[in-house]
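Below is one structure; the comments refer to it alone.
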Amino acid sequence: MELKGASLKALTAGTDLPLLQKTITQADIDRYARVSGDFNPIHISPEYARSTPLGTTVAHGMLLLAYISQVMTKAFGTAWLEKGKMYARFKAPARPGDDISISGKITKVDSHEAKTTVHCEIFCRNQNGEELVISQTEVQVT
Amino acid sequence: MAGRKIDYSSLDVGFEFPPMNLVITEDWYEAYAEAVGEDIGLCRKTGLVSPMAMLALAMAEMSRSASVPEGSIHVSQTLEFHQALRLNDIVTATAAVTQKIQSRKVNLLTVSLRLSNQKNEQIACAETEFVLGYSHGA
């Protein structure tokens, strides 16, 4: 997909990306475990998790990355599905009961010859404002 | 899959997972979209699927042949995709251990993954870094 006209002009550094908010539940985590085949007890067994330094189960990192990808899809449509890059660093775990927000902004727009690449920074934070994931993404829009 | 799983903690740099052939079916993608709360409307309209779904499916397939020690934690993820992936594309995934760092308290493992489609075109590559297992009481 190519963004044209007004959509393309709106791509400037500092522009906010769509905000995504989710509440993490153990049911969400269990559902992701079933679809991904990742049944590591740190995700699905509260009893096991209590015996670790984490103390509680935690969401799969890939679940949080899926949320980040949704923000990019909302912002850039199929352009994100066709050509993109993501680097994500996990800073803290998301736990059942956490209200998390995934927010970000455009940090740079590179136009070179016929190609325009948009660089973004996206944060996943919990209800206390703690950063859970920091991600840099890139998408080629033309 | 029959047979014993390989333990990730026994893997060394250079270990290659058996190549995997993967297909994102409509049923699996619907289940994935429900699990991550993703709107499947775009997929219904275009046939395109999220690259995160393919990564999740590849990791699920890898978990059939190798088990991650209990308590392992995802530390970082790099993902680069070069072209769109469609429902029912046949994807070949190859994965290898590219880094292993062992210290007294932390064991870090990096696995690189390459995905190509039925035309043998590279569609994505990824690098997953995780800490292997928390030792209790550490």
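The values are calculated or read from the model by the stated rules, or taken from the named source; none is laboratory data. Bear in mind that the values here come from a model prediction, so they are computed numbers and not experimental data. Note: ideal-geometry Cβ built from the backbone for every residue, glycine included; neighbour counts use all protein chains shown. Note: accessible area is taken over every heavy atom of the protein model, side chains too, but ligands, DNA and RNA are not part of it. Shrake-Rupley method; radii C 1.70, N 1.55, O 1.52, S 1.80 Å.
Select from the stretch B:56-71 the residues that are facing chain A (nearest Cβ under 7 Å) and open to solvent by less than 40 Å² (accessible area, probe 1.4 Å) and write down the one among them that is modelled with the highest pLDDT.
Ranking the qualifying residues of the stretch B:56-71, first place goes to B:Ala56.
Which ones in the stretch A:44-65 are within 10 Å of chain B (Cβ to nearest Cβ) and not aliphatic (A, V, I, L, M)?
A:Ser45, A:Tyr48, A:Ser51, A:Thr52, A:Pro53, A:His60, A:Gly61
Given (1) part of a helix (DSSP H, G or I); (2) more than 18 Å from the chain's Cα centre (by Cα); (3) at the interface with chain A (Cβ under 7 Å from one of its Cβ atoms), identify the lone condition not met by B:Glu38.
It fails just one condition, (1).
Return only the number of the condition from (1) at the interface with another protein chain (Cβ under 7 Å from one of its Cβ atoms); (2) modelled with pLDDT of 95 or more; (3) crowded, with 21+ Cβ neighbours inside 10 Å that A:Lys85 does not satisfy.
The single condition A:Lys85 does not satisfy is (3).
Scan the stretch B:70-89 residue by residue and report those that are of a type in the set (A, V, I, L, M) and at positive phi.
Here is the first cut: in the stretch B:70-89, the ones of a type in the set (A, V, I, L, M) are B:73, B:75, B:79, B:84-85, B:87.
None; the set is empty.
Name the single residue that is nearest to B:Phe81 (Cα to Cα) among those in the stretch A:100-142 being under 14 Å from the mean Cα position of the chain (by Cα) and of a type in the set (D, E, K, R).
A:Glu138
So which residues in the stretch A:19-43 are open to solvent by 50 Å² or more (accessible area, probe 1.4 Å), outside any helix (DSSP H, G or I) and within 14 Å of chain B (Cβ to nearest Cβ), if there are any at all?
Scanning the stretch A:19-43 gives A:Gln21, A:Thr23, A:Thr25, A:Asp38, A:Phe39.
From A:Lys9, A:Lys4, A:Lys91, grab the single residue that is charged (D, E, K, R) and either in contact with a helix residue (DSSP H, G or I) (Cβ under 6 Å, 6 or more places away or on another chain) or at pLDDT 95 or above (or both).
Numbers: A:Lys9 fails: either in contact with a helix residue (DSSP H, G or I) (Cβ under 6 Å, 6 or more places away or on another chain) or at pLDDT 95 or above (or both); A:Lys4 fails: either in contact with a helix residue (DSSP H, G or I) (Cβ under 6 Å, 6 or more places away or on another chain) or at pLDDT 95 or above (or both).
Exactly one of A:Lys9, A:Lys4, A:Lys91 is charged (D, E, K, R) and either in contact with a helix residue (DSSP H, G or I) (Cβ under 6 Å, 6 or more places away or on another chain) or at pLDDT 95 or above (or both), namely A:Lys91.
What is the residue count in the stretch A:53-69 for residues that are surrounded by fewer than 22 Cβ atoms within 10 Å (Cβ to Cβ) and either under 14 Å from A:Ile100 (Cα atoms) or out of contact with any helix residue (DSSP H, G or I) (no Cβ under 6 Å at 6 or more places or on another chain) (or both)?
So the answer is 3.
Within the stretch B:26-34, does at least one residue satisfy the condition of being in contact (Cβ under 8 Å) with a residue 12 or more places away in the chain, within 18 Å of A:Asp38 (Cα to Cα), within 7 Å of another protein chain (Cβ to nearest Cβ) and not acidic (Asp, Glu)?
Yes: the stretch B:26-34 contains one or more residues that are in contact (Cβ under 8 Å) with a residue 12 or more places away in the chain, within 18 Å of A:Asp38 (Cα to Cα), within 7 Å of another protein chain (Cβ to nearest Cβ) and not acidic (Asp, Glu).
Within the group A:Val133, A:Val109, A:Val139, which residue is part of a strand (DSSP E or B), open to solvent by less than 10 Å² (accessible area, probe 1.4 Å) and either of a type in the set (Asp, Glu) or touching a Leu at 6+ places or on another chain (Cβ under 7 Å) (or both)?
Working: A:Val109 fails: open to solvent by less than 10 Å² (accessible area, probe 1.4 Å); A:Val139 fails: either of a type in the set (Asp, Glu) or touching a Leu at 6+ places or on another chain (Cβ under 7 Å) (or both).
Criteria check complete, one pass: A:Val133.
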